[in-house]
1. Tell me which of these Val132 doesn't satisfy, since it passes every other one: (1) of a type in the set (A, V, I, L, M); (2) within 24 Å of Ile199 (Cβ to Cβ); (3) within 13 Å of the ligand (Cβ to nearest atom).
2. Only residues that are over 20 Å from the mean Cα position of the chain (by Cα) and open to solvent by 60 Å² or more (accessible area, probe 1.4 Å): list them for segment 52-69, please.
3. Would you call Lys70 basic (Lys, Arg) and closer than 27 Å to Ile170 by Cβ?
4. Could you count how many residues in segment 68-85 are touching a residue at least 40 places away in the same chain (Cβ under 8 Å) and either away from the ligand (no atom under 16 Å from the Cβ) or basic (Lys, Arg) (or both)?
5. Given the residues Lys24, Lys40, Lys80, which is the only one that is open to solvent by 40 Å² or more (accessible area, probe 1.4 Å), touching a Lys or Arg at 6+ places or on another chain (Cβ under 8 Å) and not in a helix (DSSP H, G or I)?
6. List the pairs whose first member sits in segment 86-102 and is in a helix (DSSP H, G or I), whose second member is open to solvent by 90 Å² or more (accessible area, probe 1.4 Å) and not hydroxyl-bearing (Ser, Thr, Tyr), and whose Cβ atoms are under 7 Å apart, counting only residues at least 6 apart or on separate chains?
7. Given the structure, is Phe126 more than 11 Å from the ligand (Cβ to nearest atom), within 13 Å of the chain's Cα centre (by Cα) and among the aromatic types (Phe, Trp, Tyr)?
8. Out of the residues in segment 83-98 that are of a type outside the set (Val, Ile, Thr) and open to solvent by 60 Å² or more (accessible area, probe 1.4 Å), state the one that is farthest from Val34 (Cα to Cα).
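The values are calculated or read from the model by the stated rules, or taken from the named source; none is laboratory data. Predicted, not measured: the structure shown is a model, and the values here were computed from it. Here the Cβ positions follow ideal geometry from the backbone for every residue, glycine too, while neighbour counts run over all protein chains shown. SASA here: full protein model, heavy atoms, side chains in, ligands and nucleic acids out. Shrake-Rupley method; radii C 1.70, N 1.55, O 1.52, S 1.80 Å.
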Amino acid sequence: MRIAVFCSGRGTNLQAIINAVKNKKLKKVKIALVVCDNPKAYALIRAKKARIKNIIVERGNFNSKSEFEKEIIRHLRKEKIELLVLAGFMQIVGPALLNNYKNRILNIHPALLPSFKGAHGFKDAFDYGVKVTGITVHFVDKDMDHGPIILQEAVLIKEKDTLESLEERIHKAEHKLYPKAIGLFVSRRLKIAARKVKIIT
Ligand code: GRF
């Protein structure tokens, strides 16, 4: 399956997906495109190093979200992309992408949804003082950090944790869970029924 990974920043999840494909932990997947909205993102360097086609589409260059997304869709069609994987993509997905790729957009969030939605999930959980947080991979729908949940994993917060040490464990967990969720999608083992995602064994 030809997939596109969407990034805005460091791209450590992109790297984990690249590695999983390379190590054959993630089979039948070709990362055919990296879509980035930030020309300074390190994710672009990772894409180039792995010789993956990459494009920069900046929201600021378009009058509306719809025009911005239409330009992205043009590239996705050209590359025959079947699955969109959001990995630290700092844009809220709008109707153009959602309607064209219904139930074909995944996101990873660094907290146990529906708790701590938004751009600072793991920091908000840490500051709140929860003892258990974690990560969530979910389908994207019209509401932020809301779509049907595919996989979740808990991460315990220890007394001696700092924001940095927690971030490290959250990322480590993400780098394993995201390739696993993509693998489930690609092998067509995910069935969505209303809010629930059934994993076919
Ligand atoms: C991850 O923590 C992910 O959960 C969130 O954004 C972060 C992206 O990190 N959506 P990276 O760019 O993959 O390193």
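1. (3)
2. Step one: list which residues in segment 52-69 are over 20 Å from the mean Cα position of the chain (by Cα), which gives 60-64, 66-67.
Hits for segment 52-69 are Gly60, Asn61, Asn63, Glu67.
3. Values: basic (Lys, Arg): yes; closer than 27 Å to Ile170 by Cβ: no.
Judged against the criteria, Lys70 is not a match.
4. Step one: of segment 68-85, the residues touching a residue at least 40 places away in the same chain (Cβ under 8 Å) are 75-76, 79-85.
Those left that are additionally either away from the ligand (no atom under 16 Å from the Cβ) or basic (Lys, Arg) (or both): 75-76, 79-83.
Residues that pass the stated criteria total 7.
5. Working: Lys24 fails: touching a Lys or Arg at 6+ places or on another chain (Cβ under 8 Å); Lys40 fails: touching a Lys or Arg at 6+ places or on another chain (Cβ under 8 Å).
From the options Lys24, Lys40, Lys80, the qualifying one is Lys80.
6. Note: pairs meeting the criteria are Ala96/Lys70; Leu98/Lys142.
7. no
8. Pro95
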